[in-house]
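**Student:** Next up is a structure, given as structure tokens.
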Amino acid sequence: MRPILLKSHERAITCVIYNADGDLVFTAAKDNVPTVWRADTGERLGTYIGHSGAVWELSCRWDSKYLLSASADATVRLWDVQTGESLVSYPHRGPVRSVCWAEGGQKFVSASQPFMDSPGFISIYDTPSDVDPSQYQQVASREISIPNKEKCTEVLWSALNDRILASFEDGTIRVFDPETGELLSTSTPHSKPISRMYLSTDRTLLLTCSKDYTAKLLDADTLEVLKVYPTERPVNAAVIHPTKDHILLGGGQDAMSVTTTGSRVGKFETRFYHMIYEEEFGRVKGHFGPINALAINPDGLSYCSGAEDGYIRLHHFDREYVDKQDEVPDELEELDETEADQKPDLEE
Amino acid sequence: MRGNWGDEDDDPDYLPPRQESGVDGKGIKTVVEWAFNDAGQKTKTTTKVKVFAEQQRISRAVAERKKWKVFGAAAEVSDNHSYTLTSQEQVMMETPRESKEADEQPSNVSDSLKEAMERVRRRNAMRQMGMLGDGEAAPTDDEPGGGLRGGGGAEGGKYIPPGARWAAAAGGAGGGDAPPMPLEDRTKIRVTNISEDTTEGDLRELFGTFGRIHRVYLAKDPETMQSRGFAFVSFTSEADAERAMNKLQGYGYDHLILKLEFAKPSQRDAAGGGGGGGPGGGGLSSARVSGYGQALAQDTKERVSFASNLTR
């Protein structure tokens, strides 16, 4: 692979996403300017100027017309993807950490963090596609207040928009009813803050990654832990490969402790795990800071990583990886003869 | 583009940039690259690439977006390409085993060693039955002097660990002030008496059980591509090299008994500072402390002994 380096952000990268067709890459950083790039050549297509704080997360509508950005300046902005024009600004009561379009793009959810006396909120806004964005209500149609000043790190819609999944800094995932705002269930897969969650393309699997050095694969419906991927550093980003049974993990030492750890043990690689056998089979080096964001092209042929070092690296997979067949369980068995308990499930 | 008027010719480190021609009528494009090789010589590599046009179907929306104009800050600068750089180096997907073993010492070396041997045996059997293609690539030319570097054959005396070599030898020669061996030589093992069927991959697997391997070079005949029965294995750490040395010395591998020794300092060092072990235990240091003329003489000796290696 000869990665393409995208360098226009001046600070640590926070979010990298592809649009649904996989031809555009949107990136956000702690500087205030989200940027869009062409996914094939890495050419910079445009910037979205307007925020006055770090941008934490982006979400692109299914048809790539509108982009949402969640910012620490306590707003969510709705942008015209093609022109970079800011169409609507949604005020919040604290820094907005996460934003996500619902399936179909008729509404979106945002998660704001506690600020001063105000608790954190999970807010749902209506964005009907038959109304011009200039007519959109800037007031949330539903607000769910988070007790005890707990910090929500990410919100997602489950399949068919019937539930909202929210991850928290105490390692819990809470499920809310978007219609009533009721807390339906809570599960605690991690012991430390969950940094990100990622839903598989069909929205049946949920991948969580945490500062407790693990990523876990959960049933998106029951939140039952199916697989665990241990590493030896905080995991900041995780994605599920859309066409292979692979997952990609990114992370590294905390930015704070980088200077006190040896250069070799930074562990800033992107790690490739087999989803089912939980076995790590590949690493891609390149960043010189912890990876904060990962995104994979919906066609599965390229992926993008953004790191604390301010660089985004766009990798087009080698033919070798794309054509590679996963090892058959027989061979795995042979490798792990001594570890009988780690035998792969033959029936998958 | 050009810097100072005198720079280009005077600067010995100057390398012309990579040039890529357009695609000509036959669909061939030419890429010219410049680099320095191991010997410090400037080399020019011309690669001709046949370009195929591949039709790709994209959705109408994507095709529409291809026509989008740049906007925002991207519209204010004329050169958006400067924000996009293609990495000069190839990034490979590494297998985690290599880096993992560098992190944590394998708990049971002999077990994993046995495993590796077993795998090799099985693979060899498969290869003989023609079940497995010969997946080995041609030896890379990244170590042109690999064969020459080995220097003399047997060192004669008993094995001295690499760390102690210099001290011991210096003591024997009356306390010379020569520098210790460079790390590269202390981690590089010369393996002889390897069966002809052994591939670089096999060696990597065998030695990989002791630690992270930096490089494996299996000497092959340039014409027949047959193994010449010896190889060099470089570890990244000295301790790993030593463990491998202790464990695999005299190890039975594919019906032959392996013979290991630490590689002698390379020819370049030998010519510069004296050195290059002749036959005899203390050869290394006596060369280092002795005069220039003697070093030269030993240098030639080394070549002779290398030549004798070939016929063995």
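**Student:** Are any residues in segment B:43-96 charged (D, E, K, R) and touching a Phe, Trp or Tyr at 6+ places or on another chain (Cβ under 9 Å), and if so, which ones? Lay out the reasoning, then the answer.
**Tutor:** To start, the set of residues in segment B:43-96 that are charged (D, E, K, R) comprises B:44, B:48, B:50, B:54, B:57, B:60, B:64-67, B:69, B:76, B:79, B:89, B:94.
The answer is B:K44, and nothing else.
**Student:** Scan segment B:79-90 and tell me whether some residue there is assigned to a helix (DSSP H, G or I) and not polar (S, T, N, Q). Let's see the steps before the verdict.
**Tutor:** In the first step, residues of segment B:79-90 are kept if they are assigned to a helix (DSSP H, G or I); the result is B:80-83.
Going one step further and asking which of them are not polar (S, T, N, Q), we end up with B:81, B:83.
The answer is yes; a qualifying residue exists.
**Student:** In addition: Any idea which of A:H316, A:H274, A:H241, A:H246 is within 14 Å of chain B (Cβ to nearest Cβ), open to solvent by 60 Å² or more (accessible area, probe 1.4 Å) and modelled with pLDDT of 90 or more? I'd like the intermediate steps shown before the answer.
**Tutor:** Values: A:H274 fails: open to solvent by 60 Å² or more (accessible area, probe 1.4 Å); A:H241 fails: open to solvent by 60 Å² or more (accessible area, probe 1.4 Å); A:H246 fails: open to solvent by 60 Å² or more (accessible area, probe 1.4 Å).
One residue alone meets the criteria, A:H316.
**Student:** Please go through segment A:298-308 and give me each residue that is open to solvent by 10 Å² or more (accessible area, probe 1.4 Å) and either closer than 20 Å to A:L58 by Cβ or out of contact with any helix residue (DSSP H, G or I) (no Cβ under 9 Å at 6 or more places or on another chain) (or both), ordered by number. Don't jump to the end; show me each part of the working.
**Tutor:** Taking segment A:298-308 first, the residues open to solvent by 10 Å² or more (accessible area, probe 1.4 Å) are A:298-299, A:301, A:308.
Within segment A:298-308, A:P298, A:D299, A:E308 meet the criteria.
**Student:** Only strands (runs of 3 or more DSSP E) wholly contained in segment A:8-67 count here; list those with 2 or more residues that are more than 9 Å from chain B (Cβ to nearest Cβ).
**Tutor:** Working: elements: A:13-18, A:24-29, A:35-38, A:44-47, A:55-60.
Where strands (runs of 3 or more DSSP E) fall fully within segment A:8-67 and carry at least 2 residues being more than 9 Å from chain B (Cβ to nearest Cβ), they are A:13-18, A:24-29, A:55-60.
**Student:** Sticking with this structure for a sec: Limited to segment A:14-28, what total is found for residues that are free of Cβ contacts under 8 Å to residues at least 60 places away in the same chain and open to solvent by 10 Å² or more (accessible area, probe 1.4 Å)?
**Tutor:** Of the residues in segment A:14-28, 1 are free of Cβ contacts under 8 Å to residues at least 60 places away in the same chain and open to solvent by 10 Å² or more (accessible area, probe 1.4 Å).
**Student:** Something else: Could you list all residues from segment B:51-73 that are within 9 Å of chain A (Cβ to nearest Cβ), touching a strand residue (DSSP E or B) at 6+ places or on another chain (Cβ under 9 Å), part of a loop (DSSP other than H, G, I, E, B) and of a type outside the set (F, W, Y)?
**Tutor:** Listed by number, the residues that qualify are B:K69, B:V70, B:G72.
**Student:** Among (1) at pLDDT 90 or above; (2) open to solvent by less than 10 Å² (accessible area, probe 1.4 Å); (3) within 14 Å of chain B (Cβ to nearest Cβ), which single condition is A:A295 missing?
**Tutor:** Tallying (1) at pLDDT 90 or above; (2) open to solvent by less than 10 Å² (accessible area, probe 1.4 Å); (3) within 14 Å of chain B (Cβ to nearest Cβ), A:A295 fails exactly one: (3).
**Student:** A:A74 is checked against (1) away from chain B (no Cβ under 14 Å); (2) crowded, with 22+ Cβ neighbours inside 10 Å; (3) at positive phi; (4) not aromatic (F, W, Y) and fails just one. What number does that condition carry?
**Tutor:** With respect to (1) away from chain B (no Cβ under 14 Å); (2) crowded, with 22+ Cβ neighbours inside 10 Å; (3) at positive phi; (4) not aromatic (F, W, Y), A:A74 is out only on (2).
**Student:** Is there a residue being surrounded by fewer than 22 Cβ atoms within 10 Å (Cβ to Cβ) and farther than 19 Å from A:H9 by Cα anywhere in segment A:43-58?
**Tutor:** No, segment A:43-58 contains no residue that is surrounded by fewer than 22 Cβ atoms within 10 Å (Cβ to Cβ) and farther than 19 Å from A:H9 by Cα.
The values are calculated or read from the model by the stated rules, or taken from the named source; none is laboratory data. Keep in mind the model is a prediction, meaning the values are calculated, not measured. Cβ: placed from backbone, ideal geometry, glycine included. Neighbour counts: every protein chain shown. Ligands, DNA and RNA are excluded from the accessible area calculation, which covers all protein heavy atoms including side chains. Shrake-Rupley method; radii C 1.70, N 1.55, O 1.52, S 1.80 Å.
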